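Read through the structure below, which is laid out as structure tokens, and then see the notes.
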Amino acid sequence: MKRITAIALLAIANFAMAGTSFAQSETVQVKVPFDFTVSDQLLPSGTYSIKTVSPAILDIKNRDNSVAVLVVVNQAGTTSPHGGKLRFHKYGDQYFLSEILCDREGVNVTLPRSRIETRVRRQQATLKTSGETFVAAR
């Protein structure tokens, strides 16, 4: 099932890139000082570039090493007029990317909760160690 989902995402991304190859895509740069999870994939701390592939897909790449992930997103109902920021849900010592708000680059999206985040959230619910963390983006 995971293989089919990955192939479908890749196909969608390829079609989206072909359709928007002449459009200028915006890139958000951010230094994340901790490891975090996106779409059930653990990403190491480091400098990331987040690029819009299509209105519903982002390409998140670590510039320090060769780590990348394509993620399906939803348009956010909120904005960040005073510079960009990334919002992370925090459960214990685990961080999950939940939102990217960067008006200047036109990237205002939310990420759906992954299966791992849902499971960790359930486990941490009784400990009350969850919260939110923000990281500034350029």
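The values are calculated or read from the model by the stated rules, or taken from the named source; none is laboratory data. Just so it is clear, the structure is predicted and the values come from calculations on it, not from any experiment. Note: ideal-geometry Cβ built from the backbone for every residue, glycine included; neighbour counts use all protein chains shown.
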Which of the residues spanning the stretch 95-119 are under 14 Å from Asp35 (Cβ atoms) and surrounded by fewer than 20 Cβ atoms within 10 Å (Cβ to Cβ)? Ile116
Those residues that are over 18 Å from Tyr95 (Cβ atoms), part of a strand (DSSP E or B) and either charged (D, E, K, R) or out of contact with any Lys or Arg (no Cβ under 8 Å at 6 or more places or on another chain) (or both), I need them from the stretch 40-60; list them, please. Lys51, Thr52, Val53, Ser54, Ile57, Asp59
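Would you confirm whether or not the stretch 61-71 contains a residue that is more than 18 Å from Arg104 (Cα to Cα), touching a helix residue (DSSP H, G or I) at 6+ places or on another chain (Cβ under 9 Å), in a strand (DSSP E or B) and modelled with pLDDT of 90 or more? Please lay out each step first, then the result.
Within the stretch 61-71, the subset more than 18 Å from Arg104 (Cα to Cα) is 61-71.
Those left that are additionally touching a helix residue (DSSP H, G or I) at 6+ places or on another chain (Cβ under 9 Å): 70-71.
Still in the running and in a strand (DSSP E or B): 70-71.
Still in the list and also modelled with pLDDT of 90 or more: 70-71.
Yes; the residues of the stretch 61-71 include at least one that is more than 18 Å from Arg104 (Cα to Cα), touching a helix residue (DSSP H, G or I) at 6+ places or on another chain (Cβ under 9 Å), in a strand (DSSP E or B) and modelled with pLDDT of 90 or more.
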Please work out which residue is modelled with the highest pLDDT, limiting yourself to the stretch 72-86 and to residues that are among the small types (Gly, Ala, Ser) and in contact with a Leu (Cβ under 7 Å, 6 or more places away or on another chain). Gly84
Looking at the stretch 1-23, can you tell me whether even one residue there is out of contact with any Ser or Thr (no Cβ under 6 Å at 6 or more places or on another chain), modelled with pLDDT under 85, of a type in the set (D, E, K, R) and not in a loop (DSSP other than H, G, I, E, B)? yes
Any chance you could count how many residues in the stretch 89-138 are among the polar types (S, T, N, Q) and modelled with pLDDT under 75? 4
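Which residues, counting only those in the stretch 24-39, are among the charged types (D, E, K, R) and not in a strand (DSSP E or B)? Talk me through it step by step, then tell me what you get.
Initially, the stretch 24-39 is screened for residues among the charged types (D, E, K, R), giving 26, 31, 35.
Within the stretch 24-39, Glu26, Asp35 meet the criteria.
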